[in-house]
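The values are calculated or read from the model by the stated rules, or taken from the named source; none is laboratory data. What you see is a predicted model, and the numbers here were worked out from it, not measured in a lab. Every residue, glycine as well, gets a Cβ built from its backbone with ideal geometry; the counts of neighbours run over all protein chains shown.
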Amino acid sequence: MNEPLLWTTGLSKRFGGLRAVNDVAIRLAQGQIHAVLGPNGAGKSTLINLLSGDMAATSGTVLYKACDITRASADRRARLGIGRSYQKTNIFPAFSAMENCRLAAQSRAPRILHWFSDALADAPTCAAAERALHDAGLADCGTQPASALSHGEQRQLEIAMVLATRPDVLLLDEPLAGMGAEEASRMVDLLRRLRDHHAILLVEHDMDAVFALADVITVMVNGQVLESGPPEQIRASTAVREAYLGSEVA
Ligand SMILES: Nc1ncnc2c1ncn2[C@@H]1O[C@H](COP(=O)(O)OP(=O)(O)OP(=O)(O)O)[C@@H](O)[C@H]1O
Ligand SMILES: [Mg+2]
């Protein structure tokens, strides 16, 4: 297996008496899509929040490029190269697609440069934004207001906004949610293209997409890892079938 870029040991998050994430060990490697499956409330989004720094862990460790980042803020993790998208669409509707990406790109610029943010309607930020739009398949939509894009394009824009921060790791929370078949297949192609240059954690309920894309699958139930391994192992697992997949995977 490739060297992991981001990994955890004993990662846990409690909300009062609820163990939303319980003793999770997960490894994300460059060039791999690691899908996380599980029923509603299994702890998938909470796991992403713990990796991105949006939430602090109750216990356990998060390591990135061999550094302990368990206590690092979300801002710092983003600047180190950990990018994430959200389960709910999270764009500025009145701004153009390009402006959305420029704002995202700027968030990775060193703090001091934020003072010159007008001047930063400029080279590195614009180049990163333009490239991200292109890589996400939205090169022709740059000037359109985000609100005028289709649902599928808005989800692509969210990926573009993450790419504009030039991340090594992509944490993607249900990027295919609410998509029709054609939009979903475009997103699957996009994720496949992104795999080469990133370590990707993909939370997704669309089983066809997951089994088409994933190199490794981790199944979570009640905050815990039920099983983790290559897709064929997950497909063959009786425990996974009983707890989650049921008849979804023939
Ligand atoms: N901020 C919070 N405060 C209290 N409880 C929370 C909080 N966030 C999540 N939870 C609870 O933690 C558990 C895991 O939630 P989480 O959102 O991680 O699940 P999920 O696997 O992403 O589910 P879904 O597939 O529906 O998105 C749920 O019981 C949820 O109600
Ligand atoms: Mg969720």
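Selection of segment 80-108 for residues being among the charged types (D, E, K, R) and assigned to a loop (DSSP other than H, G, I, E, B) yields Lys88, Arg108.
The requirement of being at pLDDT below 95, of a type in the set (D, E, K, R) and more than 16 Å from ligand 1 (Cβ to nearest atom) is fulfilled nowhere in segment 25-34; no residue meets it.
Just name the residue that is nearest to ligand 2 (Cβ to nearest atom) out of those in segment 165-192 that are closer than 17 Å to Asn2 by Cα and buried (at least 21 other Cβ atoms within 10 Å of the Cβ). Restricting to residues being closer than 17 Å to Asn2 by Cα and buried (at least 21 other Cβ atoms within 10 Å of the Cβ), the top hit is Leu170.
Results for (1) under 16 Å from the mean Cα position of the chain (by Cα); (2) assigned by TED's automatic domain parsing to the domain that holds Arg108; (3) away from ligand 2 (no atom under 13 Å from the Cβ), shown as yes or no for each residue.
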position	(1), (2), (3)
Glu3	no, no, yes
Ala25	no, no, yes
Gln32	yes, no, yes
Leu37	yes, no, no
Ala42	no, no, no
Ile48	yes, no, no
Tyr64	yes, no, yes
Ile69	no, no, yes
Phe95	no, yes, yes
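Each row is one residue, and each column tells you yes or no for (1) at pLDDT below 95; (2) in contact with a His (Cβ under 6 Å, 6 or more places away or on another chain); (3) closer than 17 Å to Cys101 by Cα.
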residue	(1), (2), (3)
Pro145	no, no, yes
Met161	no, no, yes
Arg193	no, no, no
Leu201	no, yes, no
Glu204	no, no, no
Asp208	yes, no, no
Phe211	no, no, no
Ala214	no, no, no
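If the condition is being under 27 Å from Gly180 (Cα atoms), more than 16 Å from ligand 2 (Cβ to nearest atom) and either of a type in the set (Val, Ile, Thr) or not assigned by TED's automatic domain parsing to the domain that holds Ile26 (or both), then segment 203-239 contributes Val216, Ile217, Ile234. Pairs linking a residue in segment 196-215 that is within 16 Å of ligand 1 (Cβ to nearest atom) to a residue that is of a type in the set (Gly, Ala, Ser) and not in a loop (DSSP other than H, G, I, E, B), with Cβ atoms under 6 Å and 6 or more positions apart or on different chains, are Leu202/Ala35; Val210/Ala35.
Within segment 27-42, residues that are under 16 Å from Phe211 (Cα atoms) reach partners that are among the basic types (Lys, Arg) and away from ligand 2 (no atom under 16 Å from the Cβ) with beta carbons closer than 6 Å, at six or more positions or on different chains, in the pairs Ile33/Arg195. Tallying residues that are out of contact with any strand residue (DSSP E or B) (no Cβ under 7 Å at 6 or more places or on another chain) and crowded, with 16+ Cβ neighbours inside 10 Å within segment 193-210 yields 2. Of all residues in segment 46-64, count the ones that are within 19 Å of Gly81 (Cα to Cα) and within 15 Å of ligand 1 (Cβ to nearest atom). Residues that pass the stated criteria total 10.
Within segment 44-56, the set of residues being more than 14 Å from Leu201 (Cα to Cα) and crowded, with 22+ Cβ neighbours inside 10 Å comprises just one member, Gly53. For segment 216-229, filtered to residues that are touching a residue at least 40 places away in the same chain (Cβ under 8 Å) and of a type in the set (Gly, Ala, Ser), the residue that is nearest to Lys88 (Cα to Cα) is Gly223.
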